[in-house]
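Reading through the structure tokens given below for one structure.
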Amino acid sequence: MANSPEYKGKMDVELMKKFLSVKWADGGGMLPDNVYQVIAVPQDYEMWIHGQNYSGWEEVNLKPLFGNEREISFFVFYFFS
């Protein structure tokens, strides 16, 4: 779905939320056994967290937690590796 001509090169937070709301079997990103879904936007110091099947999307502003770009890049690499 994300690599289809309709979406290629157009991915943003709202489109990613849409993609993650579609079941894996239907070509989306929602895996049946996942508890959390996470979207990270490192250049904006933002992270979105969703408790699958029990909460909405919550934005986490990371700017107050990090003093510079190097620190946020390390966090995103470490957290998502």
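The values are calculated or read from the model by the stated rules, or taken from the named source; none is laboratory data. Predicted, not measured: the structure shown is a model, and the values here were computed from it. Note: ideal-geometry Cβ built from the backbone for every residue, glycine included; neighbour counts use all protein chains shown.
Side notes on the structure shown:
- Look at (1) at pLDDT 85 or above; (2) small (Gly, Ala, Ser); (3) touching a Leu at 6+ places or on another chain (Cβ under 6 Å) and you find that residue 21 fails only one, number (3).
- Qualifying residue in segment 29-37 (condition: part of a helix (DSSP H, G or I), modelled with pLDDT of 80 or more and surrounded by fewer than 11 Cβ atoms within 10 Å (Cβ to Cβ)): no
- Selection from segment 13-37 of residues that are of a type in the set (Phe, Trp, Tyr) and closer than 18 Å to residue 47 by Cβ: 19, 36
- Just one of (1) part of a helix (DSSP H, G or I); (2) in contact (Cβ under 8 Å) with a residue 40 or more places away in the chain fails for residue 40. It is (1).
- Evaluated against (1) modelled with pLDDT under 85; (2) surrounded by 11 or more Cβ atoms within 10 Å (Cβ to Cβ), residue 6 falls short on exactly one condition, (2).
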